[in-house]
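A.B. asks: Here you go, one structure.
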Amino acid sequence: MAVRNDRLYAALTAAGESYNTLAEKAQVDPKTVQRWVQNGRVPHPRIAVAVARLLHTQPNNLWPSFGQPKAEVAPTSELVGFYAGLTEVPAMLLSGLLEAATVGIDVQGDFAQPGLVDLLADRADSGVAVRVVLPSRQYATRQTPASRVEWLERFYAPLLGYANVTLARAACPLSTVLVRGDDDMMVRSALEGCPAPAWPVMHARRLPGGGLVTAYRLAFECLFDQADLVQAAPASTLRVVA
């Protein structure tokens, strides 16, 4: 089964490159670059080194199997990448994560970006179960004050009429921001003593036998079960995969 190379996609977007521009610089066909990203293909070592140089990184950061025997190409880490803050995460990477979801999308905490509501509505119309757990005014924090909580509620309010969308208010203070599309997720965890924009963001993808993504999904399930629903939607068929 083909596995999308999100490391390469993130490096492309961070460098401002497209399939066409990178293909031209690397002297390959744009469809070849597309296969590297969409199908997880690993290029010839000489080309891999050249592409990594163009994207200002190392080949192993783009293709973890680079230089390894073919028997060892299967990824073993659920970690895809780290970013210095939400503003450092390429917008195309976040939107792509959600656009690719076919089963379920979860959003937790103080998260909003242009076009997000329309994107979530589109995925809900396609049958994807969308769950959003917002901060509660009762548990407003210095990082997310009551005024911000009210703004977030207005931001997500247009989704209230969608059958596959459930909005809820957390029954506890929220510091972690989580955005999940199927097996991919972005997580911003609190870094005590630093302002929220400086909190690091982790990009992870679930792998068979891995426990990192499953742990965050279980935590979200507990949070969602205890939250106060803003809208009652049909029961989601989404289940945590152990």
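The values are calculated or read from the model by the stated rules, or taken from the named source; none is laboratory data. Since this is a predicted model, take the numbers as computed values, not measurements. Because the Cβ atoms are built from the backbone with ideal geometry, glycine has one as well, and the counts that use them run over all protein chains shown.
A.B. asks: Considering only residues that are assigned to a loop (DSSP other than H, G, I, E, B), modelled with pLDDT under 90 and either more than 19 Å from Ala190 (Cα to Cα) or touching a Cys at 6+ places or on another chain (Cβ under 9 Å) (or both), which ones fall in the range 144-175?
C.D. replies: Tyr162, Ala163
A.B. asks: Test each condition in (1) in contact (Cβ under 8 Å) with a residue 40 or more places away in the chain; (2) among the hydroxyl-bearing types (Ser, Thr, Tyr); (3) in contact with a Pro (Cβ under 6 Å, 6 or more places away or on another chain) for Thr141 and report the one that comes out false.
C.D. replies: (1)
A.B. asks: Take the residues in the range 73-113 that are modelled with pLDDT of 90 or more and of a type in the set (D, E, K, R); name whichever of them is surrounded by the most Cβ atoms within 10 Å (Cβ to Cβ).
C.D. replies: Taking the candidates together, the pick is Asp106.
A.B. asks: Quick one: which of Arg53, Arg41 is out of contact with any Asp or Glu (no Cβ under 7 Å at 6 or more places or on another chain), of a type in the set (Lys, Arg), modelled with pLDDT of 85 or more and farther than 28 Å from Thr87 by Cβ? Give the derivation first.
C.D. replies: Values: Arg53 fails: farther than 28 Å from Thr87 by Cβ.
Every option except Arg41 fails the conditions.
A.B. asks: Shifting gears a bit: Taking the range 200-226, which residues are of a type in the set (Gly, Ala, Ser) and either part of a helix (DSSP H, G or I) or more than 18 Å from Leu79 (Cα to Cα) (or both)?
C.D. replies: We begin by selecting, within the range 200-226, every residue of a type in the set (Gly, Ala, Ser); these are 204, 209-211, 215, 219.
Ala215, Ala219 - these are the residues of the range 200-226 that are of a type in the set (Gly, Ala, Ser) and either part of a helix (DSSP H, G or I) or more than 18 Å from Leu79 (Cα to Cα) (or both).
A.B. asks: Same structure again: Six or more apart or on different chains, Cβ atoms under 6 Å: show the pairs whose first residue is in the range 35-58 and closer than 24 Å to Ala100 by Cβ and whose second is surrounded by 13 or more Cβ atoms within 10 Å (Cβ to Cβ) and aromatic (Phe, Trp, Tyr).
C.D. replies: If the second residue must be surrounded by 13 or more Cβ atoms within 10 Å (Cβ to Cβ) and aromatic (Phe, Trp, Tyr), the pairs left are Val37/Tyr9; Val42/Trp63.
A.B. asks: What is the residue count in the range 182-200 for residues that are surrounded by 13 or more Cβ atoms within 10 Å (Cβ to Cβ) and either out of contact with any Gly (no Cβ under 8 Å at 6 or more places or on another chain) or not assigned by TED's automatic domain parsing to the domain that holds Gly104 (or both)?
C.D. replies: 9
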